[in-house]
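Single-structure report; data block below.
Every number here is computed from the coordinates shown, using simple stated rules; none is lab data. Quantities reported herein were computed from a predicted structural model and do not represent experimental measurements. Heads up, the Cβs are rebuilt from the backbone with ideal geometry, glycines too, and the neighbour counts pull from every protein chain shown.
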Amino acid sequence: PPPLTTTAHAPVLVNAVYFLGSWSSAFDPKDTFDRPFIAPDGPQPARFMRRVGEVPVALEVEQLGGAAVVRLDYGKLDGAAAGTPSEFCALLVLPAAAGHESLSAAVKGLQAAPLGRLLAQLHAKKVKIQLPRFKAGEGHP
């Protein structure tokens with residue numbers, strides 16, 4: 001029989017994973033606000049979370065067409081040494097500019113280079129994060 005995992009199957013497997021976690025550094029609910037989310041098919045109403053804090057980031061990553069990368073950890077980091085990453089995280093990639101070209105460059109870069117190389121470029125920096133709230137589940141992409 002053919003192998004269960006191939007390059008073509010990887011995105012399907014990733015999208016099938018169920019994860020319910022809490023951010024290591026929580027977003028304060030009082031800092032949530034309404035704003036349009038600019039989706040490929042046009043603006044959509046959304047609730048955005050916001051916080052200012054020190055997180056691992058890489059700005060203008062050449063291998064991703066100039067995209068920025070932010071790592072947000074999940075779970076408690078009690079007793080962990082400063083700068084120790086959590087076992088689980090969200091790795092957010094913000095393309096350098098709006099539009100298909102910039103998004104394609106970021107995706108191609110993610111496909112071409114080892115993830116470890118990208119993670120090694122992250123350094124703690126104080127940033128303002130605004131992120132749309134989202135839930136992924138049955139009936140949601």
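Points to keep in mind about this one:
- Aspartates and glutamates whose Cα lies under 16 Å from that of Lys108, excluding same-chain neighbours fewer than 8 positions away: Glu60, Glu62
- Here the simple spin-label model places points 7 Å from the Cα toward Cβ, and for Val52 and Ala26 these points are separated by 2.1 nm.
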